[in-house]
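Working notes for the structure below.
Bear in mind these aren't lab numbers, they're just calculated from the coordinates by the rules spelled out. What you are looking at is a predicted structure, and each value in this text was computed from that prediction instead of being measured. Here the Cβ is made from the backbone with ideal geometry for all residues, glycine too, and neighbour counts use every protein chain on show.
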Amino acid sequence: MNLHSEASKGIMLSAPATLYVGFLVAAPLVILVVYSMWTQTYVSIEKTPTLANYREAFFDPLVRHLMIRSILIAAVVTIATVALAYPIAYFIALKARRKTLWLLLITIPFWSSYLLRVFAWKLILGFNGVLNSALMALGLIDTPLTFLLYNEFAVVLTLAHAWAPFAILPIFVSLQKIDPSLLEAATDLGNSAFESFLRVTLPLTVPGIIAASLIIFIPTVGDYVTPSLVGGSDGKMIANLIQVQFGAANNWPLGATMSLLAMLSVGFVALVFVISATGLGRRIR
Amino acid sequence: MKRFLGLRTYTLVYLAFLYLPVLLLPLFSFNDGTIVAFPIKGWTLKWYGQLGAQDTLVQALMNSLVVGGLAALLATSMGLFAARSYVRYRFRGKKVSEALVMLPLVVPGIIVASSMLVLFISLGLKPSLTAVILGHTFLALPFSVSIMKSAFDDFDVSLEEAAYDLGSGVFETFRRVTLPMVAPGIVASLLVSFTVSFDEFVLAFFLSGNEPTLPVYIWSQIRFPAKLPNTLALGSLLLLASVLLLVVAEFFRRRSTKSLV
């Protein structure tokens, strides 16, 4: 191989990063698959290949329940975050004058530790917390509100806050790319402002919406910190159960099986979403 | 501008929603009471004063600095070369390689953490700071690659060609022309990678064993109500550090590129 050709230079320079990420993605996958077919017997691991863990994970109502709840919570978080973020991206991309300043303002709070932001929400929503004490000091309520913390609502609110800039930025980029003459043409052809938004702007930002949704949905399904801190027992998600297998329950083979199943479920839902969203984007046009 | 009053108001309310939770930690870290609720009892700095005396905290801070520093160096050196190859050369498998190095951004944390734990144990590497460094390098790499890519995007190749024509070798050209030109990008990448590692919790929670990093230490303190004021003070310092680091990183990044996002 000619070491001085363009192609081989490119391959050589990108090799360390590619191999590093490739190895740390592929090798754990292989080992997870192997582990998922072993069984834990007290302190030792029985290495005869079996599908017992898959059977257990499939038929255990708790696993199924937490998996479905994780996917539903992630879906609600994704929809809420994107819907709340769209007007912001629209405002910055098309109406605001100092775009850079606005983008900076949006991203600054997220340059802080995720753990601390979730912790802050726990303090806000608690029984004797910031929100309740503020409302009581203002005389708006007499007794603390109890529905704020330790449920799905708290999880969705916290995650919608945590993912905000990840929704705004991709939609902003796709709005930036729209040729203004398309909107002028829509207006000249007799569309109202709302019609031209629905028929020109929205369909053209579908790629941005898809990107934002995937960036939010995939990591959210496997989120550990938020359900642990603000979820209570009603808001636990699959990651909490996986952590228990690797921690207190000390059943790594079952934990590996759950990780794999979570990954497959996320991949499947994401794929269905991309295909249907792309189709929908074409139809409204 | 009057027409967008509704949209503008919504944006301001949304900004308040983004900022209030984050500003709450510093606000209550100066509160004289031990309960995080209104009204605020009085103002004090004593919670900050007590931090330095806690040995486990200082040790966790040291661990975090070592992990963040090494992860930043590793991620940036791999990211630098990868980004250069993506911007400068055409080769087979480039698209696949570019997509692959971005993958750590979207893999759920619990899956990365559990699978790396299993991998490292299988390879004979016990949970330790080394394991956390390797994991954080993986997580920081996409940030490094995208920062370095925009740095190389605005780099004029003819400068390198001029250096070659004037008789410089490959390494000399790299050291005396390429490196100084993309240096702001490198600084930005180092700072961002460091901050990614410094703030990361789940992976460190799984991989650090009995050598906690700062977020793992904070996690262990959160459940003790008596420690709450100290945790708030520590958290506020951490917030300040992250924001400062990234403002500096942003300054360097903007010097290295003309792009908006």
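The convex hull defined by the C-alpha atoms of the protein assembly as shown has an orientation-averaged projected area of 30.7 nm². For B:LYS126, the lysines whose Cα falls under 25 Å of its own Cα, not counting residues fewer than eight places away in the same chain, are A:LYS47. Computed 3J(HN,Hα) for segment A:181-191, one whole-Hz value per residue from the Karplus formula 6.51 cos²θ - 1.76 cosθ + 1.60 where θ = phi - 60°, is 5, 5, 5, 4, 4, 4, 5, 4, 7, x, 7, glycine and proline marked x.
Both numbers refer to the Cα atoms of segment A:107-252; Rg and Dmax are 21.0, 67 Å.
The per residue volume of the convex hull around the alpha-carbon atoms of segment A:71-150 is 152 Å³.
Just flag the trypsin sites (Lys or Arg not before Pro) in segment A:9-61 sitting in loop per DSSP whose Cβ has no more than 15 other Cβ atoms within 10 Å. For trypsin sites (Lys or Arg not before Pro) across segment A:9-61 that sit outside H, G, I, E and B with at most 15 neighbouring Cβ atoms in 10 Å, the list reads A:LYS47.
Gaussian network model of chain A, Cα springs within a sub-10 Å range: biggest mean-square fluctuation belongs to which of A:SER14, A:SER228, A:SER174? It is A:SER14.
Rounded to the nearest Hz, the phi-derived 3J(HN,Hα) couplings of segment A:90-106 under the Karplus curve 6.51 cos²θ - 1.76 cosθ + 1.60 (θ = phi - 60°) are 4, 4, 5, 6, 10, 10, 6, 8, 9, 4, 4, 4, 4, 4, 5, 4, 5, where x marks glycine and proline. Of all aspartates and glutamates in the structure, those lying under 14 Å Cα to Cα from B:LYS149, and not within fewer than 8 positions of it along the same chain, are B:GLU98. Taking other C-beta atoms within 10 angstrom as a stand-in for reagent exposure, A:SER44, B:SER115, B:SER128, A:SER259 fall in the order A:SER44, B:SER128, B:SER115, A:SER259, fewest first. Seen from a random direction on average, the alpha-carbon convex hull of chain B projects onto 20.0 square nanometres.
Charge dipole of chain A (Cα centre as origin; +1 on each Lys and Arg Cβ, -1 on each Asp and Glu Cβ, all else neutral): 420 debye, rounded to the nearest 20.
Counting neighbouring beta carbons within 10 Å and listing from fewest to most, the residues B:TYR164, A:TYR224, B:TYR86 come out as B:TYR164, A:TYR224, B:TYR86. Dipole magnitude for segment A:90-160: about 580 debye, using +1 per Lys or Arg Cβ and -1 per Asp or Glu Cβ, origin at the Cα centre.
Of all the options A:ALA162, A:ALA134, A:ALA80, the one that moves most in a Gaussian network model of chain A with Cα springs shorter than 10 angstrom is A:ALA134. Positive-end ranking of A:LEU182, B:ASN210, A:LEU32 along the dipole of the protein assembly as shown, with charges on Cβ about the Cα centre, is headed by A:LEU182. Projecting the Cα atoms of A:LEU159, A:TYR90, A:VAL244 onto the charge dipole of segment A:61-284, computed from C-beta unit charges around the Cα centre, puts A:TYR90 farthest toward the positive end.
Its convex hull of Cα atoms gives chain A a direction-averaged projected area, equal to a quarter of the hull surface, of 23.5 nm². Note on segment A:168-285: Rg/Rh from Cα positions, Kirkwood definition for Rh, rounded to two decimals, is 1.20.
Each of A:HIS161, B:HIS136, A:HIS65 was scored by other Cβ atoms within 10 Å of its Cβ. Listed from fewest to most, they are A:HIS65, A:HIS161, B:HIS136.
Here chain B is assigned +1 on the Cβ of each Lys and Arg and -1 on the Cβ of each Asp and Glu. Its dipole about the Cα centre then comes out at about 660 debye. Distance between the C-alpha centres of segment A:45-106 and segment B:137-200: 33 Å, rounded to the whole angstrom. Counting only lysines at least 8 places from B:LYS227 when in the same chain, those with an alpha carbon closer than 18 Å to its own are A:LYS122, B:LYS41, B:LYS46. Given B:LEU244, B:ILE147, B:VAL192, which one lies farthest toward the positive end of the charge dipole of segment B:147-261, if we put +1 on the Cβ of every Lys and Arg and -1 on the Cβ of every Asp and Glu? Most positive-ward Cα: B:LEU244.
Between A:LEU101 and A:VAL43, what length comes free when the chain is fully extended (0.36 nm per residue of separation minus the Cα-Cα distance, one decimal in nm)? Using 0.36 nm per residue and subtracting the Cα-Cα distance, I get 15.2 nm. When chain A is treated as a Gaussian network with alpha carbon springs shorter than 10 Å, the biggest mean-square fluctuation among A:GLY232, A:GLY255, A:GLY139 belongs to A:GLY139.
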